[in-house]
1. Helix B:140-155 versus the longest principal axis of chain B: what is the Cα-based angle in degrees, 0 to 90, to the nearest 10?
2. Among the lysines, select those whose C-alpha is under 20 Å from the C-alpha of A:Lys11, and discard any that sit fewer than 8 residues away in the same chain.
3. So the label point goes 7 Å from the Cα of A:Glu21 along Cα→C-beta, right? Which residues of the stretch B:175-216 then have their backbone N under 19 Å from it?
4. Just grab the label-to-label distance for B:Ala230 and B:Glu48, each label 7 Å out from Cα along the Cβ direction, in nm (one decimal).
5. Take A:Glu96 and B:Glu38, extend 7 Å from each Cα along the Cα→Cβ direction, and tell me the distance between the two endpoints in nm.
6. With a 10 Å Cβ neighbour count serving as the proxy for reagent exposure, in which order, fewest first, do B:Asp319, B:Asp240, B:Asp156 appear?
7. How much net charge surrounds B:Gly247 when only other residues with a Cβ under 14 Å from its Cβ are counted (Lys, Arg +1; Asp, Glu -1)?
8. Among the GluC sites (Glu not before Pro) within the stretch B:172-267, which fall in a DSSP loop and have no more than 11 other Cβ atoms within 10 Å of their own Cβ?
Amino acid sequence: MKKTEAEYTWKDMETGCIVTEPGSASNYRTGDWRSQVPTYTFSRCIKCGVCALYCPEGCIRPNAEGNYQADLYWCKGCGICPRECPTGTIAMVDEEE
Amino acid sequence: MGKKVGMEVSLAIAEAARMADTDVVAAYPITPQTHIVERLAEMVANGELDAEYIPVESEHSAMSACLGSVATGARTFTATAGQGLELMHEVLYVASAMRLPVIMAVANRALSAPLNVWGDQSDLMAVRDTGWIQLICENGQEALDSVLCAFRIGEDKRVLLPVMVHVDGFYLTHVVEPIEIPEEETVKRFLPPAPFPMPLDPDKPVTMGAFAPPILFTEAKKAQEVNLRASKKVILEVWDEFARIFGRQYKPVERYRTEGAKTLLLTLGSFGETAMSAVDKLRGEGKEVGLLKLRLWRPFPFEELRQAVGDAELLIVVDRALSYGGPGGPAYSEIRSALYGEKQRPRILGFVGGLGGRDLTVTEFEGMVKRAQEMRPAGAEQEFEMYGVRE
């Protein structure tokens, strides 16, 4: 089984700390940086995808109904999507503990 | 057998980089390094060296370009001096931590202000903790030989570290010396291509220079520390092999007339040659004086230094750099620290001199030995002083 970060010793470090697994950055949870979370009133969503274009994390995708929604594993809660949404679908609310 | 010619040391360094079949040179000219890169640019321009010469806009860019170059598997050489080394300072740490064997000649020069383009070792000491292997040369032959060895050492799979070859600005770089130029074929056998083992390759993608969070950073630093210390074994191996092939043996700490010496001088770089003349003169007068010359600065040769110091009673360390407000010259304080745990250690005194191109002559080395005797009484407060300063 793969070691967790906390189990890595100095001997486990790759030469020059090179990352040999392509795309492994997607394993990194940035969602826990968040202090505000996007909430949705999907009845207003026109599925234009502007929010996804502006998302600096690239974590917004259409859900099963085709409405655009952030993946909270990566969403940092920056608040750009509600600002750019032309129909006011998105609102940021404080993240609960 | 190679051929002995009269050659400016800067040109000999360029010649070594050419014989090593360097693929990429990224450099920015600065006194007193200029002749090295000027010659390399000329070699590339007229087809003597099949390499890419990247004329960058600063030393920061020079070192950055070198990192990228080594990362693709290209053999890479650069050179700088003084302020230029300081401008690339932050990138030096990146080269060593990413284990990219850039080979760099440094024409040691004083650091501003006041503005001074002449030689001392302030720049060398300022990059002490950058994690590079650092060799210090005493003469032109050593400069050429060290550049060849630097490629072999740095590129060794057990090492993979950048190497600095320090040559005193002007004292070496601008002096014409008799230098044996080895045969091209012999150099090729000594230095087969050894590209970086995990290069940037679109078919096998890797990420270099990623970040390490607090939970991994300490482990990364420990790995780096163990790796640099372990490189000493390979350095010694390479020097031994170099001796077998080229007939010149190098050691981390060179001894000169140390048999039975009660007093030892210790120098770094070209001033060792002057100090040898002073030792000869003092020995001629029946004084038991010898000389140690530190060639390997990082990794620091602790064992070799302790052995070489032996049972001397007085050790005089001559620095060409000053640690302002600190314990004297940087080499002096390191050597005192290296010998601190020894049951029997000599009294260790330090002089700082030869700053910003000021010469230290044979007479002045004799003067230092004399002055050290005056400073020597146990319990005397002063343990280092700036030598030759006008009061």
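1. Approximately 50 degrees, to the nearest 10.
2. Qualifying lysines at Cα under 20 Å: A:Lys2, A:Lys3, B:Lys157, B:Lys221, B:Lys222, B:Lys232, B:Lys233.
3. Only B:204-216 pass the distance filter.
4. Each label point lies 7 Å from its Cα, and together they span 4.0 nm.
5. 7.5 nm
6. Numbers: B:Asp319 30, B:Asp240 13, B:Asp156 17.
Ascending number of Cβ neighbours within 10 Å: B:Asp240, B:Asp156, B:Asp319.
7. Within the 14 Å Cβ shell, the charges total -2.
8. Sites meeting the loop and neighbour criteria: B:Glu259.
Every number here is computed from the coordinates shown, using simple stated rules; none is lab data. Bear in mind the structure is a predicted one, so any value in this text is a computation, not a measurement. All Cβ positions, glycine included, derive from the backbone under ideal geometry; neighbour counts span all protein chains shown.
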